[in-house]
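Asker: The structure's right below; bear with me while I get my questions together.
The values are calculated or read from the model by the stated rules, or taken from the named source; none is laboratory data. In this text the structure is predicted, and so the values were computed from the model without any measurement. Note: ideal-geometry Cβ built from the backbone for every residue, glycine included; neighbour counts use all protein chains shown.
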Amino acid sequence: MNKLNVLTLHRLGNPAKANRSLRKHLFFLQDHFPEHNYVYHEVSLPFPEYLKEIHFHAIVLDTTFMGERCFDPAILKRRKRDFAFVKDSNAVVLAFPQDDYDCHLITDKWMCEWEVDVLFSVIPDRWELLYPKYFQKGEIKLWYTGCVDDALLDYPTKPFSRRSIDIGYRAKKLLPTRGRLGETKWTIGRDLKALTEDADLKVSIELFPDASGFLKGDAWLDFINDCKFTLGSNSGSSLLDPVGDVAGAVRRYLLKRPNAAFEEVAENCFPSEDERHGDFTAISPRALEAALLRSAQILVEGDYSGLLTPWDHYLPIKPDASDFDTVRRSMADVGEVESMIERCREAIADCTALRYSVKAREIVKLIHDKYRGPDVDSEAFGRAANLIEEYEKDLRLKKKLLWAWSDIKQRVGSFPVVGKALRKGRDFMRANRERKS
């Protein structure tokens, strides 16, 4: 077996407007091994029966697809029904859940039902806690929330002195469903923005109610490339939500008290649960991108997958930014900052395990090693290629219509009053569904 047929199930939406990290993660196999046959199926669209004629060597459950486990239970039920053929396939099934701490027991049950061959977790330990049933029968390997795009290693970076933004940050204001650690991801931006209002610094910090305001593609890289310092915090959660009950309780509580502080929500919705099992955290794609684009990092002190250490690779800041005066003095030492930038870049660039090229090679080898289905000769591979070409033609218009509808919803939601009303309505509907279930 040389050439492979690979099916990936995803819910990315329009790749041209998608988050850069999610897009890179979705297409990394095709980017590095284009000689194989690939089907990237958007699960919001029907799966054509004729594609089931293809003997797939591997079926990849992408992060964007697996994230639906935490939405409406009816959606997950429908997905399981529509893609039930995965369980009966001879393909090697690979799953990338990413936010392991969200609905982890739902993931655990699902992975066992579909007899997934390998689950890739971004949490480096406590797999038995997260996936108690699958841990006994399946295989779990370490993954990252994002890996290094080899092209980024050669990306032209601006000299430190020519960057126009002193401190840059973009974050989504999350619901308090990921504990104090998740809350810090947006409050560090809020707090530092307040502290620098009267400072002689050019600060670009924006917090959004959802991901629609984020910079996409090269615009995001250009932003980081223009920041002398990039702010950041630990990615992940300090709170486990096994089946989504915590998120449901939080949404219902905030419908009654929309301005409730984190402490109040925690006391009423998940008392004594935050940090009970410690932090579930991993280095974020932003930290990798900032390192490679030579933007110095100001980070809430943390583990960062064991790759970055304070003072050596980044300037540490307290979760409430109360020590910003100390950070500010360190920022002024340009010589040391530029040395720190190079140390940080070297730490990430030299970690070959982070590179998509290496990960892609590992995945292709894993598929070859684990595949036990029928042989696919060159003639069958060619027929599969023809079916995939037919599929791409069939779905071209459907994808355009789906993306156009998504654009309309996003534009309507971008108006502050309308967007707030839509989010409130969405939370109301989800809270009601969760109450009934």
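Asker: Restricting to region 376-393, what's the tally of residues that are more than 17 Å from Leu7 (Cα to Cα) and not in a helix (DSSP H, G or I)?
Answerer: 1
Asker: Can you say whether Phe324 is in contact (Cβ under 8 Å) with a residue 24 or more places away in the chain, surrounded by fewer than 21 Cβ atoms within 10 Å (Cβ to Cβ), of a type in the set (A, V, I, L, M, F, W, C) and not assigned by TED's automatic domain parsing to the domain that holds Thr177, as far as the supplied structure shows?
Answerer: No; evaluated as a whole, the condition is false for this residue.
Asker: Across region 158-179, which residue is nearest to Val250 (Cα to Cα) among those that are over 19 Å from the mean Cα position of the chain (by Cα) and in a helix (DSSP H, G or I)?
Answerer: The residue in question is Phe160.
Asker: Just checking, does region 200-218 include any residue being out of contact with any Asp or Glu (no Cβ under 8 Å at 6 or more places or on another chain), among the small types (Gly, Ala, Ser), within 22 Å of Glu301 (Cβ to Cβ) and in contact (Cβ under 8 Å) with a residue 24 or more places away in the chain?
Answerer: Within region 200-218, not a single residue is out of contact with any Asp or Glu (no Cβ under 8 Å at 6 or more places or on another chain), among the small types (Gly, Ala, Ser), within 22 Å of Glu301 (Cβ to Cβ) and in contact (Cβ under 8 Å) with a residue 24 or more places away in the chain.
Asker: Which of the numbered conditions does Asp72 fail, given that it passes all the others? Conditions: (1) within 24 Å of Asp377 (Cα to Cα); (2) touching a residue at least 12 places away in the same chain (Cβ under 8 Å).
Answerer: (1)
Asker: Something else: Cβ-Cβ distance below 9 Å, separation of 6 or more or different chains: which pairs start in region 266-280 with a residue that is more than 19 Å from Arg126 (Cβ to Cβ) and end on one that is at pLDDT 95 or above and of a type in the set (Phe, Trp, Tyr)?
Answerer: The qualifying pairs are Asn268/Tyr253; Cys269/Tyr253.
Asker: Hey, another quick one. Quick check on this structure: which one of Arg396, Arg372 is part of a loop (DSSP other than H, G, I, E, B) and either of a type in the set (A, V, I, L, M) or exposed (fewer than 13 other Cβ atoms within 10 Å of the Cβ) (or both)? Working first, answer last.
Answerer: Numbers: Arg396 fails: part of a loop (DSSP other than H, G, I, E, B).
Matching residue, one of Arg396, Arg372: Arg372.
Asker: Moving on. Please pick out the residue among Asp100, Asp198, Asp150 that is closer than 21 Å to Arg11 by Cα and of a type in the set (D, E, K, R).
Answerer: Just one listed residue meets the conditions, Asp100.
Asker: In addition: Hand me the list of strands (runs of 3 or more DSSP E) wholly inside region 203-301 holding 1 or more residues that are more than 19 Å from the chain's Cα centre (by Cα).
Answerer: Details: elements: 203-208, 227-232, 235-237, 280-282, 296-300.
Per the criteria, 203-208, 227-232, 296-300.
Asker: Right, another one. So is Ser233 among the polar types (S, T, N, Q), crowded, with 20+ Cβ neighbours inside 10 Å, more than 21 Å from Ile341 (Cβ to Cβ) and touching a helix residue (DSSP H, G or I) at 6+ places or on another chain (Cβ under 8 Å) or not? Break it down into steps so the answer makes sense when it comes.
Answerer: Details: among the polar types (S, T, N, Q): yes; crowded, with 20+ Cβ neighbours inside 10 Å: yes; more than 21 Å from Ile341 (Cβ to Cβ): no; touching a helix residue (DSSP H, G or I) at 6+ places or on another chain (Cβ under 8 Å): yes.
When the stated conditions are applied, Ser233 does not pass them.
Asker: Tally up the residues in region 152-177 that are β-branched (Val, Ile, Thr) and either free of Cβ contacts under 8 Å to residues at least 60 places away in the same chain or more than 22 Å from Ala321 (Cβ to Cβ) (or both), please. Before you say what the answer is, go through the steps one by one.
Answerer: As a first pass, look at region 152-177 and keep what is β-branched (Val, Ile, Thr): 157, 165, 167, 177.
The next check asks that each one be either free of Cβ contacts under 8 Å to residues at least 60 places away in the same chain or more than 22 Å from Ala321 (Cβ to Cβ) (or both); those that pass are 157, 177.
The total comes to 2.
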